[in-house]
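Peer 1: After the structure tokens below, expect a handful of questions from me.
The values are calculated or read from the model by the stated rules, or taken from the named source; none is laboratory data. Small disclaimer: the values here were computed from a predicted structure and weren't measured. We place every Cβ from the backbone using ideal geometry, glycine too, and count neighbours over all the protein chains shown.
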Amino acid sequence: MSFCYAFSGILKAIKNEAHLRFHIMIAVLISIFAYFYGINRLEWAVLLLSIGLVIGAELLNTAIERAVDTATDEIKPSAKFAKDAAAGAVLVFAVASVFVGICLFGNIEKIGITLTKIFTTPKILIPCLIVGVGLLIFTIFGGENGKKV
């Protein structure tokens with residue numbers, strides 16, 4: 001049952017947290033790009049670990065925010081600090097993941113070759129556009145429109 005509760009928590013967070021949906025969208029787009037860029041197994045491991053850390057930090061941030069909101073309706077400096085520190089953790093992981101991306105995809109010439117391949121090959125471009133539009137719709141409209149669980 002623990003797995004079911006954890007999975008339920010992830011789904012509820014996705015429905016209620018726009019930032020989490022944004023991180024998922026970016027993770028999928030970067031993963032698609034990485035596939036065509038041709039990163040090796042070790043680079044995939046680093047990329048997936050970075051993605052997992054950012055999404056995990058976002059889930060922890062959501063949990064802390066909800067716990068603080070449940071604990072008090074008052075504006076307390078300690079509650080604000082807890083929420084701000086949790087958000088700061090997400091920022092640290094997100095910035096670190098940008099640097100990971102720079103290390104993994106730092107070859108400007110190869111980026112150009114990869115983008116040219118994607119945008120000039122209809123068998124690649126059309127599915128990528130469909131996924132991209134789907135992700136955009138998921139990110140913008142995939143939530144509960146401000147409803148809290």
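Peer 1: Inside region 10-51, can you point out the residues that are surrounded by fewer than 18 Cβ atoms within 10 Å (Cβ to Cβ), acidic (Asp, Glu) and part of a loop (DSSP other than H, G, I, E, B)?
Peer 2: If the condition is that a residue be surrounded by fewer than 18 Cβ atoms within 10 Å (Cβ to Cβ), acidic (Asp, Glu) and part of a loop (DSSP other than H, G, I, E, B), then no residue fits.
Peer 1: Are there any pairs, at least 6 apart or on different chains, whose C-beta atoms fall under 8 Å, with the first in region 125-144 and touching a residue at least 40 places away in the same chain (Cβ under 8 Å) and closer than 21 Å to residue 11 by Cα and the second in a loop (DSSP other than H, G, I, E, B) and among the hydroxyl-bearing types (Ser, Thr, Tyr), and if so, which?
Peer 2: Taking only residues 6 or more apart or on different chains, not a single pair turns up.
Peer 1: Identify the single condition in (1) farther than 25 Å from residue 133 by Cβ; (2) touching a residue at least 40 places away in the same chain (Cβ under 8 Å) that residue 3 does not satisfy, given that it satisfies every other one.
Peer 2: Unmet condition: (2).
Peer 1: Still on this structure, please answer the following. Check whether at least one residue in region 115-125 is within 17 Å of residue 19 (Cα to Cα) and basic (Lys, Arg), and report yes or no. Let's see the steps before the verdict.
Peer 2: From region 115-125, those within 17 Å of residue 19 (Cα to Cα) are none; that's our starting set.
No, region 115-125 contains no residue that is within 17 Å of residue 19 (Cα to Cα) and basic (Lys, Arg).
Peer 1: Among the listed residues 80, 110, 123, which satisfies the condition of being out of contact with any Gly (no Cβ under 6 Å at 6 or more places or on another chain), closer than 20 Å to residue 39 by Cβ, among the charged types (D, E, K, R) and assigned to a helix (DSSP H, G or I)? Step through it out loud before you land on a result.
Peer 2: Details: 80 fails: closer than 20 Å to residue 39 by Cβ; 123 fails: closer than 20 Å to residue 39 by Cβ.
Within the list 80, 110, 123, the selection yields 110.
Peer 1: Scan region 73-92 and report the pairs whose first residue is closer than 27 Å to residue 50 by Cβ and whose second residue is of a type in the set (D, E, K, R) and surrounded by 12 or more Cβ atoms within 10 Å (Cβ to Cβ), with Cβ atoms within less than 7 Å and a gap of 6+ or a chain change.
Peer 2: Cβ pairs passing all conditions: 83/65; 86/65; 90/58.
Peer 1: Just checking, which of 79, 71 is within 26 Å of residue 143 (Cα to Cα), in contact with a Ser or Thr (Cβ under 8 Å, 6 or more places away or on another chain) and at pLDDT below 95?
Peer 2: Numbers: 71 fails: in contact with a Ser or Thr (Cβ under 8 Å, 6 or more places away or on another chain).
None of the other options fit; the residue is 79.
Peer 1: May I pose another question? Taking residue 65 and the conditions (1) free of Cβ contacts under 8 Å to residues at least 12 places away in the same chain; (2) not in a loop (DSSP other than H, G, I, E, B), which numbered condition does it fall short on, given that it satisfies the others?
Peer 2: (1)
Peer 1: If you don't mind, another one. Quick one: how many residues across region 64-104 are surrounded by fewer than 12 Cβ atoms within 10 Å (Cβ to Cβ), β-branched (Val, Ile, Thr) and more than 14 Å from the chain's Cα centre (by Cα)?
Peer 2: Here the count works out to 4.
Peer 1: Here's a follow-up. Consider residue 106 against the criteria (1) touching a residue at least 60 places away in the same chain (Cβ under 8 Å); (2) over 21 Å from residue 22 (Cα atoms); (3) not hydroxyl-bearing (Ser, Thr, Tyr): it satisfies all of them except one. Which criterion is unmet?
Peer 2: For residue 106, the exception is condition (1).
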